[in-house]
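Everything below concerns the one structure shown next.
The values are calculated or read from the model by the stated rules, or taken from the named source; none is laboratory data. Bear in mind the structure is a predicted one, so any value in this text is a computation, not a measurement. Cβ placement follows ideal geometry from the backbone for every residue including glycine, while neighbour counts extend to all protein chains displayed.
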Amino acid sequence: MTVHRKNLIDGEWLGEAGSRNINPSNTNDVVGEYASAGPEEATQAIAAAKAAFPAWSRSGPLARHAVLKKTSDEIMARKDEIGRSLAREEGKTLAEGVGETIRAAQLFDFFAGETLRLSGEMVPSVRPGVGVEMTREGVGVVGIITPWNFPIAIPAWKIAPALAYGNTIVFKPAELVPESAWTIVDILHRAGLPKGVLNLVMGKGSVVGQAMLDSPDVNAISFTGSVGTGKRVAAASVEHMRKFQLEMGGKNPLVVLDDADIAVAVDCAVNGAYFSTGQRCTASSRLIVTDAIHDRFVDAMKERLDTLVIGDALDAKTQIGPVVDQTQLKQDEDYIAIGRQEGAELAFGGERLERETPGFYLRPALFLGSTNAMRISREEIFGPVANVIRVKDYDEALTVANDTPFGLTSGICTTSLKHATHFKRNSEAGMVMVNLPTAGVDFHVPFGGRKGSSYGSREQGRYAMEFYTTVKTAYTLAG
Ligand code: ADP
């Protein structure tokens with residue numbers, strides 16, 4: 001069945017659904033047709049969000065709680081259907097699609113709770129007889145621009161706090177995953193959001209996204225995507241003196257020390273590097289392995305990789321789905337060629353696979369004998385490709401782990417408390433994992449990185465408040 005979806009602007013579903021999306025597991029399967037907004041629709045959506053802000057920002061906790069809770073409940077009740085639709089549209093496995101949908105429900109539930117926990121502070125002034133109040137207010141119109149790799153969780157972790165703290169929204173999802181975006185907006189709309197509070201503008205980044213960047217009426221932008229677009233968001237936001245928050249790439253290291261439990265290390269590496277087809281900004285793309293465990297680790301990795309089932313995302317047996325589209329597949333294959341030219345040894349995979357249906361199937365690739373100076377060690381590939389960098393000891397491993405322009409996540413597999421503790425303290429990443437995959441985080445604690453990975457305050461958990469509110473300090477003469 002092909003669905004036809006429109007944009008939501010000022011409470012109305014508008015626009016002709018014309019742009020086709022296909023299933024990466026089966027390119028003969030059309031997922032749906034979607035409206036593609038132009039600059040005028042982006043401007044209308046921004047104006048609607050601006051007009052809706054005064055009332056929504058003063059709506060009080062109960063109104064916001066009701067919408068967010070209802071949304072959470074519906075997403076949870078429909079998790080299998082929405083998760084399946086997500087897997088069909090993006091290519092991650094059914095289990096990953098359902099898991100991500102549950103995560104979205106949890107995020108809406110968490111921020112529903114936050115509406116009831118909003119508080120301020122009151123202190124005596126240094127001037128006798130004067131009281132000082134510190135309160136938080138919504139920022140205004142928030143532009144939300146999201147990527148394709150977490151089609152429902154990333155929109156949820158931006159939309160839920162934006163609404164909870166009284167902002168209105170213009171939401172521009174990635175072109176490849178409009179169905180998940182439409183679904184979440186449809187649920188929120190039916191849950192009772194007043195018109196204009198949440199606007200959906202599907203369309204091209206260079207058109208709709210750019211119109212948002214260029215508008216003086218967008219008061220804040222939360223962006224997740226590539227470094228290149230992130231820089232555009234930053235430059236345009238400085239021009240308009242608006243708040244912005246960026247989550248971009250990663251080149252996350254997983255350190256495996258001689259004393260690691262080999263089964264734990266292989267689990268962490270396979271999950272971190274290849275699950276979700278390696279299309280996670282938190283993926284472990286650099287496996288930094290010390291001398292004495294190197295050969296055992298590599299043998300165990302190859303053995304495990306050989307057992308992975310790569311196939312149609314909607315087949316329950318599949319462990320690794322297809323790459324999201326032809327462009328990303330080409331990028332992955334180009335990097336595999338670059339790795340070979342640079343002198344790394346392709347020890348496993350890297351070739352295209354035929355399945356029953358035409359899709360973008362790629363066997364997970366593992367490089368050995370790579371150095372940290374190679375392009376495959378420095379640039380984000382965003383596919384099922386990882387490389388092993390052999391080092392002599394922990395000190396060298398830490399140096400290599402930190403020698404990167406990025407700093408989102410990092411991980412270490414070790415049974416040494418001393419090294420685990422030292423790594424947690426000295427890793428230059430926003431999130432550090434000990435004996436856990438570098439990907440896979442909780443929804444109630446801060447998410448974000450350092451260096452070229454992130455800019456601005458953290459997302460998720462109570463830390464999200466920092467971005468989605470602005471502080472007011474009010475002085476009153478008590479008389
Ligand atoms: P990815 O490599 O994940 O596709 P992009 O940065 O290209 O990363 O895309 C992330 C989001 O940014 C998408 O929603 C995309 O449409 C949007 N985008 C792309 N170009 C622009 C732009 N010039 N202005 C605003 N948003 C853009």
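In table form, for the structure just shown:
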| item | result |
| --- | --- |
| Matching residues in the stretch 209-223 - criterion: being within 10 Å of the ligand (Cβ to nearest atom) and not aromatic (Phe, Trp, Tyr) | GLY209, GLN210, ALA211, MET212, LEU213, ASP214, ILE221 |
| Which numbered condition ALA429 misses (of (1) over 29 Å from PHE110 (Cβ atoms); (2) assigned to a loop (DSSP other than H, G, I, E, B); (3) of a type in the set (Gly, Ala, Ser)) | (1) |
| Residue match in the stretch 51-58 (condition: crowded, with 22+ Cβ neighbours inside 10 Å, under 19 Å from ILE159 (Cβ atoms), of a type outside the set (Ser, Thr, Tyr) and free of Cβ contacts under 8 Å to residues at least 40 places away in the same chain) | no |
| Single residue of LEU68, LEU8 found to be modelled with pLDDT of 95 or more and part of a helix (DSSP H, G or I) | LEU68 |
| Filter result for SER226 (hydroxyl-bearing (Ser, Thr, Tyr), within 16 Å of the ligand (Cβ to nearest atom) and farther than 30 Å from VAL98 by Cβ) | no |
| Filter result for the condition that a residue is out of contact with any Lys or Arg (no Cβ under 9 Å at 6 or more places or on another chain) and surrounded by fewer than 22 Cβ atoms within 10 Å (Cβ to Cβ), over SER125, SER119 | SER125 |
| Residue check, ALA181 over 18 Å from the mean Cα position of the chain (by Cα), within 11 Å of the ligand (Cβ to nearest atom) and modelled with pLDDT of 95 or more | no |
| Matching entry among LYS50, LYS70 (being among the basic types (Lys, Arg) and touching an Asp or Glu at 6+ places or on another chain (Cβ under 7 Å)) | LYS50 |
| Sole residue being free of Cβ contacts under 8 Å to residues at least 12 places away in the same chain and away from the ligand (no atom under 16 Å from the Cβ), chosen from ARG136, ARG127 | ARG127 |
| ASP291 being closer than 28 Å to ARG390 by Cα and of a type in the set (D, E, K, R) | yes |
| Residues of the stretch 359-381 satisfying the condition of being within 16 Å of the ligand (Cβ to nearest atom) and either closer than 14 Å to PRO253 by Cα or acidic (Asp, Glu) (or both) | GLU379, GLU380, ILE381 |
| Selection within the stretch 184-208 - near the ligand (Cβ under 10 Å from one of its atoms) and buried (at least 24 other Cβ atoms within 10 Å of the Cβ) | MET202, GLY203, VAL208 |
| Single residue of the stretch 229-257 satisfying the filter (more than 13 Å from the ligand (Cβ to nearest atom) and of a type in the set (Lys, Arg)) that is nearest to VAL385 (Cα to Cα) | LYS251 |
